[in-house]
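Asks: One structure is given below, represented as structure tokens, and several questions about it will come after.
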Amino acid sequence: MSKSKFTMLDSLSLQDFDENSELIPLMTSEDEEAIKNESLPESLPILSLRNTVLFPGVVIPITAGRDKSIQLIKDANSGSKTIGVVSQKDETVEDPSIDDIHTIGTVARILKVLKMPDGNTTVIIQGKKRFKISKIVSENPYMTANIESVLEINPNDNAEFPAILESIKDLALQIIKQSPTIPSEASFAIKNIESNSFLINFVSSNMNLPVVEKQKLLEIHDLKERALLTLKHMNVEFQRLELKNDIQSKVQNDMSQQQREYFLQQQIKTIQEELGGVSYEEEIEAMKSRATSKKWDEKVKNHFNKEIGKLQRMNPQVAEYSIQRNYLDLFLDLPWDYFSKDIFDLKRAQKILDRDHFGLDEVKRRIIEYLAVLKLRNDMKSPILCLYGPPGVGKTSLGKSIAEALGREYVRISLGGLRDEAEIRGHRKTYIGAMPGRILQSLKKAGTSNPVFVLDEIDKLSSSSQGDPSSAMLEVLDPEQNSEFYDNFLEMGYDLSKVMFVATSNSLTSIQPALLDRMEIINVTGYTTEEKVQIGKKYLLPKQIKEHGMKPVDLKIAQPQLEKIVEGYTRESGVRGLEKQIAKMVRFAAKNIAMENKYDVKVTNEAIIDVLGSPKLERNKYENNDVAGVVTGLAWTRVGGDILFIESILSKGKGNLNITGNLGKVMKESATIAMEYIKSNADLYDIDVSVFENYNVHIHVPEGATPKDGPSAGITMLTSLVSLFTQKKIKKSLAMTGEITLRGKVLPVGGIKEKILAAKRAKIKEIILSKENKSDIDEINCSYLKGLKFHFVTEMSEVIDLAITDQKVKYAKSL
């Protein structure tokens, strides 16, 4: 039922309605009876209505805008006040004829005429009786027609009719209650209607029905049928109203929650602005502004726009909001397709590398080669280098020098102890506290997509239940894959192909083979004593003097004193320990300067002992050859090369072989092979075979607390046993290294450079090596080999000929 119609509820009139009255009372049964008994005039002026139907007894306001309609109302109001009202078939027709109007209408009485400010005329009319147009009398100045009455069947004797009326009344009250647009006072009007026909007409007039449907109701002669059809339309309207109210109730609840959140967000926004913070909307706008300056391809751009749309629709109070914001911040902070310009000055690059690092010629050569190719091609994929060598030789610091030489940014991550795959590939952003992996974090920090990236201690990666980081590194370090490196947090491929990765490692054994295969291995060997002295003089001493706030004139350490510090107080391949000892000497001078004590600016050997104490790490030096069975061997350790002594003695017994010195399985096997070879070839060396049955042999390698293993002491053990059984001297100032076989062959071994440096430090003059190790000697700088003589052999008999002299040892045993 429409609100506009119920506003006229108080406008129903009695027959003796006073035109000046402000209230129009409801029609009573007496009024209905009086109207029923009135006779219709023969002809009436016909007023056509565009969009409504007038029912008997109902009062409605009508606005007349057409000239004919205004003239009709004016004439009727000054005369009998009675007119005929019909509905138009088509409301768009301006000047309707008999064919454009319905033939059945309602006789109406003009109750009141009002002149509107806009020039229109509003007239309040009340329906009386239905009529039918029989003939048009005239059409000017307005339509006039002859009319005849329409019979109305009133089923007063029907038992169903009161029940139908009661249903209409009850349903009308429910509709009034459910509808938010109908005033509650309308229910009082419904309850106070006494006339049956007026109740039906009143409800029919006020229902939300099209004009066609209302006209059908008006044309029904049987009041019961009209009541049933009215009840049917009311049921449909009531169901529609209930459904509408249910939907509105649900929407209202959602809206209430949204409005509450909106008001809270507005309050937070106001508080943030008062405190000088940035509102969420401003943050999003700032992100969009930054995005316009990014060098993104279409795929990345579309993905960013999609994700920032999600952020705009998200409630800022939920936990996912901060993750989404961090995600978009990462997109904006990553240096997509931004590359620093390389400096192609090869001579400058060589100077920088030589300035910062002494030696390391192979590494420097490889960097200069890469720079030369890059200069020619300009789009070459960066190499993936692995600097492998002992601690303290400058592998990590070399990365900084490479970056400066190339003119690139420098980033470094330490992989030591890393055991979570997510540290490399990042976490999925569905988790609270999710972050990108350290690869992308470092690139974000660098600000370019082609930095020098140092992966420090790659051999110390471990694995756990969180995954295997070394397997995740396979994608990072594969030139064929890393152009689309997938980070779980970023959820997109990122190009790492222009990044120059430099990995460092102390050992290759703990790196998985697949990862090792992806890297270009460069062996960074230990420094010789001469190199350490030069490094101490050119780099370490000036650095420590500067760090301690002193001047170069405040302390001078000459080359002999530096050599004493290197050999007496350090035992390493690198120079970290040397730097610490030099720092002690500098602090000693700094203390004297601060206390204004006199001290010798030129450091002497005595001053070294006073500051550093007595030498604790004197290297093993070559010992004399007076004892049978003592031979000098060469060994490789993690801190460089060293010499070791193989000792063997005979004692009365049953031919048992004992081996001591904390030796590994391979080294013990070498001793057994040497012993069996000598037994098999005793005649070659003039050894009495009865010695093997009457004497026990004991082989020992000193420094029993230090574990030792490997096959390289094979020829040393063989020489020791031959010397023992023949009681002959070993050649003076001789050392050796090599693996042996039961056939008497000498096989090559590794760590040659470190072993050669150790031999030189120990004052060794001659070295026996496998012939296949000659290529290793050729790669060593000639200056390191000065004063050394090499013997390259293939057979064990050659080793014995070179190492064993014809001279008996002092106090030789008679076997």
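Asks: Name the residue that is most open to solvent (accessible area, probe 1.4 Å), counting only residues in region 652-705 that are under 26 Å from D806 (Cα atoms), of a type in the set (D, E, K, R) and free of Cβ contacts under 8 Å to residues at least 24 places away in the same chain.
Replies: Of everything passing the filter in region 652-705, D683 is most open to solvent (accessible area, probe 1.4 Å).
Asks: In addition: Just a yes or no: is a residue in region 407-420 at pLDDT 80 or above, under 30 Å from R571 (Cβ atoms) and hydroxyl-bearing (S, T, Y)?
Replies: Yes, region 407-420 contains a residue that is at pLDDT 80 or above, under 30 Å from R571 (Cβ atoms) and hydroxyl-bearing (S, T, Y).
Asks: Restricting to region 371-381, and then to whatever is assigned to a loop (DSSP other than H, G, I, E, B) and out of contact with any helix residue (DSSP H, G or I) (no Cβ under 8 Å at 6 or more places or on another chain), can you tell me which residue is modelled with the lowest pLDDT?
Replies: Quick first cut of region 371-381, residues assigned to a loop (DSSP other than H, G, I, E, B) only: 378-381.
Now drop any that are not out of contact with any helix residue (DSSP H, G or I) (no Cβ under 8 Å at 6 or more places or on another chain), which leaves 378-379, 381.
On the way: N378: 69, D379: 66, K381: 72.
It comes out as D379.
Asks: OK, next. Report every pair of residues separated by at least 6 positions or lying on different chains whose Cβ atoms are under 9 Å apart, first residue within region 427-439 and among the hydrophobic types (A, V, I, L, M, F, W, C), second open to solvent by 100 Å² or more (accessible area, probe 1.4 Å) and at pLDDT below 85.
Replies: Within 9 Å, the pairs are I432/E320; A434/R428.
Asks: Please go through region 35-48 and pick out each residue that is at pLDDT below 90 and hydrophobic (A, V, I, L, M, F, W, C).
Replies: I35, L40
Asks: Next up: Just need a number here: residues in region 444-483 that are over 28 Å from S507 (Cβ atoms) and modelled with pLDDT of 85 or more.
Replies: First pass over region 444-483, keeping only residues over 28 Å from S507 (Cβ atoms): 444-450, 483.
Add one more test, that the residue is modelled with pLDDT of 85 or more, and what stays is 444-450.
Matching residues across region 444-483 total 7.
Asks: Could you check region 120-208 for helices (runs of 4 or more DSSP H) lying wholly inside it with 2 or more residues that are within 17 Å of K36 (Cβ to Cβ) and more than 60 Å from the chain's Cα centre (by Cα)?
Replies: 196-206
Asks: Restricting the first residue to region 781-804 and requiring it to be polar (S, T, N, Q), which pairs with a second residue that is modelled with pLDDT of 90 or more and assigned to a helix (DSSP H, G or I) meet a Cβ separation below 9 Å and a spacing of at least six or different chains?
Replies: Sorted first by the residue in region 781-804, then by its partner, the pairs are T794/K771; T794/E772.
Asks: In addition: Within region 251-268, is there a residue that is aromatic (F, W, Y), open to solvent by 60 Å² or more (accessible area, probe 1.4 Å), out of contact with any Asp or Glu (no Cβ under 7 Å at 6 or more places or on another chain) and modelled with pLDDT of 75 or more?
Replies: Looking for residues that are aromatic (F, W, Y), open to solvent by 60 Å² or more (accessible area, probe 1.4 Å), out of contact with any Asp or Glu (no Cβ under 7 Å at 6 or more places or on another chain) and modelled with pLDDT of 75 or more, one finds at least one in region 251-268, hence yes.
Asks: Within region 47-66, take every residue that is more than 19 Å from P96 (Cβ to Cβ) and not β-branched (V, I, T) and give me the one that is surrounded by the fewest Cβ atoms within 10 Å (Cβ to Cβ).
Replies: P61
Asks: Let me ask another. Test I352 against the stated conditions and say whether it is open to solvent by less than 80 Å² (accessible area, probe 1.4 Å), touching a Gly at 6+ places or on another chain (Cβ under 7 Å) and modelled with pLDDT of 80 or more.
Replies: Working: open to solvent by less than 80 Å² (accessible area, probe 1.4 Å): yes; touching a Gly at 6+ places or on another chain (Cβ under 7 Å): no; modelled with pLDDT of 80 or more: yes.
In short, no.
Asks: Go over the candidates P96, P141 one by one and state the one that is more than 21 Å from F198 (Cβ to Cβ) and open to solvent by 40 Å² or more (accessible area, probe 1.4 Å).
Replies: Exactly one of P96, P141 is more than 21 Å from F198 (Cβ to Cβ) and open to solvent by 40 Å² or more (accessible area, probe 1.4 Å), namely P141.
Asks: Scan region 734-787 residue by residue and report those that are of a type in the set (S, T, N, Q) and either closer than 22 Å to K532 by Cβ or out of contact with any strand residue (DSSP E or B) (no Cβ under 6 Å at 6 or more places or on another chain) (or both).
Replies: Within region 734-787, T741, N773, S775, N781, S783 meet the criteria.
Asks: Okay, next question. Answer yes or no: is there a residue in region 405-413 that is under 30 Å from V318 (Cβ atoms), without any contact (Cβ under 8 Å) to a residue 60 or more places away in the chain and either open to solvent by less than 20 Å² (accessible area, probe 1.4 Å) or part of a loop (DSSP other than H, G, I, E, B) (or both).
Replies: No, region 405-413 contains no residue that is under 30 Å from V318 (Cβ atoms), without any contact (Cβ under 8 Å) to a residue 60 or more places away in the chain and either open to solvent by less than 20 Å² (accessible area, probe 1.4 Å) or part of a loop (DSSP other than H, G, I, E, B) (or both).
Asks: Let me ask something else about it. Give me a count of the residues in region 311-347 that are open to solvent by 80 Å² or more (accessible area, probe 1.4 Å), of a type in the set (K, R) and farther than 21 Å from L496 by Cβ.
Replies: Adding up the residues that qualify gives 2.
Asks: Of (1) within 23 Å of K429 (Cβ to Cβ); (2) modelled with pLDDT of 80 or more, V318 satisfies all except one. Which?
Replies: (2)
Asks: Name the pairs whose Cβ atoms lie under 6 Å apart, with the first residue in region 66-90 and more than 30 Å from K216 (Cβ to Cβ), the second open to solvent by 60 Å² or more (accessible area, probe 1.4 Å), and 6 or more positions between them or separate chains?
Replies: Every condition considered, the pairs that remain are Q71/P141.
Asks: Among the residues of region 566-602, write down those that are under 28 Å from H357 (Cα atoms), open to solvent by 10 Å² or more (accessible area, probe 1.4 Å) and part of a loop (DSSP other than H, G, I, E, B).
Replies: R571, E572, V575, V601
Asks: Yes or no: region 432-454 includes at least one residue that is under 20 Å from R325 (Cα atoms), among the polar types (S, T, N, Q) and out of contact with any Asp or Glu (no Cβ under 9 Å at 6 or more places or on another chain).
Replies: yes
Asks: Now a separate question. Answer yes if at least one residue in region 497-519 is of a type in the set (D, E, K, R), more than 23 Å from Y370 (Cα to Cα), open to solvent by 60 Å² or more (accessible area, probe 1.4 Å) and out of contact with any Cys (no Cβ under 6 Å at 6 or more places or on another chain), and no otherwise.
Replies: no
Asks: If you don't mind, there's one more thing I want to ask. How many of the residues making up region 195-241 are open to solvent by 70 Å² or more (accessible area, probe 1.4 Å), in contact (Cβ under 8 Å) with a residue 12 or more places away in the chain and either farther than 24 Å from S149 by Cβ or not charged (D, E, K, R) (or both)?
Replies: 3
Asks: If we keep just the residues of region 317-340 that are within 22 Å of I268 (Cα to Cα) and of a type in the set (G, A, S), which is farthest from the chain's Cα centre (by Cα)?
Replies: The extreme case among them is A319.
Asks: Here is a further query. Could you run through region 67-92 and say how many residues are closer than 15 Å to I104 by Cβ and either of a type in the set (G, A, S) or open to solvent by less than 50 Å² (accessible area, probe 1.4 Å) (or both)? Let's see the steps before the verdict.
Replies: So in region 67-92, the residues closer than 15 Å to I104 by Cβ come out as 84-89.
With either of a type in the set (G, A, S) or open to solvent by less than 50 Å² (accessible area, probe 1.4 Å) (or both) added as a condition, the list becomes 84-88.
Result for region 67-92: 5.
Asks: Any residue in region 357-370 that's farther than 16 Å from C386 by Cβ and touching a residue at least 24 places away in the same chain (Cβ under 8 Å): show its pairings with residues that are crowded, with 20+ Cβ neighbours inside 10 Å and among the small types (G, A, S) at Cβ separation under 6 Å, as long as the two are six or more apart or on different chains.
Replies: H357/G394
The values are calculated or read from the model by the stated rules, or taken from the named source; none is laboratory data. Given the structure is predicted, the values throughout are model-derived calculations rather than measurements. Cβ: placed from backbone, ideal geometry, glycine included. Neighbour counts: every protein chain shown. Ligands, DNA and RNA are stripped out before the accessible areas are found, and what is left, the full protein with its side chains, is counted by its heavy atoms. Shrake-Rupley method; radii C 1.70, N 1.55, O 1.52, S 1.80 Å.
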